[in-house]
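Each reported figure results from applying straightforward, stated rules to the coordinates on display, with no laboratory input. Values in this document were obtained by computation on a predicted structure and should not be read as measured data. Backbone-built Cβ (ideal geometry, glycine too); neighbour counts: all protein chains shown.
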Amino acid sequence: MENKRSRSKAKWLLGIIGALILIGGGLRLWVFQPYLIPSPSMEPGMAPGDHILVNRLSYRFWAPTRGDVVVFAFPKDIKRTFVKRVIAAEGETVELRDNKVFVNGEDIPEPYVKPGDYPPYGPEVVPEGKVFVLGDNRRESEDSREWGLLPKEYLLGKAWLVYYPLNRFRFISKAI
């Protein structure tokens with residue numbers, strides 16, 4: 001009797017473990033994707049070596065909005081992935097001058113930006129199907145200022161959290 005009960009518990013436990021592995025694998029495959037921050041372009045919020053988790057479903061259901069931190073296939077080499085912040089979405093006018101960003105003529109608050117000088121840009125209207133992205137460390141970022149507006153179909157997902165190293169664990173907010 002006891003042997004039968006312990007086998008039943010073992011089967012039940014293995015079933016739960018198997019279900020958790022399947023659910024976790026499915027989430028990893030279709031929803032959440034880990035990425036490594038390789039460069040200082042997103043400092044100070046994300047540093048080289050930070051590991052982030054990205055929601056891959058975000059832009060299948062919602063449009064990117066100003067302030068989203070996004071992972072995308074680099075338009076000049078789609079095998080590479082970049083992480084940047086959406087500064088202007090479809091229909092918005094973006095301009096950089098006096099080390100400030102203006103969207104639709106208004107100076108937007110950017111508490112996440114690493115201080116430093118950067119050259120002027122624009123004004124430019126973001127057409128349908130594209131977004132304007134910048135790194136938070138403007139002096140160390142290869143972004144829309146260099147290679148142009150990002151087609152939305154290159155978006156792979158929205159950055160959700162920094163999970164490693166543990167002392168930098170945090171959810172990623174828009175801050176705009």
ask   = For the pair L161 and S39, what calculated FRET efficiency results from E = 1/(1 + (r/R0)^6), where r is the Cβ-Cβ distance and R0 = 22 Å, to the nearest 0.05?
value = 0.70
ask   = About its Cα centre, what dipole magnitude does the range 96-176 give when the only charges are +1 on Lys and Arg Cβ and -1 on Asp and Glu Cβ, stated in debye to the nearest 20?
value = 380
task = Only residues of the range 94-110 count here: report those whose backbone N is under 20 Å from the spot 7 Å along Cα→Cβ of E146, or say none.
result = 95-97, 99-101
remark   = Once both label points are put 7 Å beyond Cα along the C-beta direction, the I78-R139 separation in nm becomes 3.6
query = How high is the FRET efficiency from K11 to T65, r the C-beta distance, R0 41 Å, rounded to 0.05?
reply = 0.30
inquiry  = Could you give the length gained by full extension between S173 and L57, i.e. 0.36 nm per residue of separation minus their alpha carbon distance, to one decimal place?
reply    = 40.0 nm
inquiry  = What three numbers, in Å, describe the spread of the alpha carbons of the range 111-176 along their principal axes, ordered from the longest?
reply    = 39, 31, 20
task = Please give the direction-averaged projected area of the C-alpha convex hull for the range 46-154, in square nanometres with one decimal.
result = 6.9
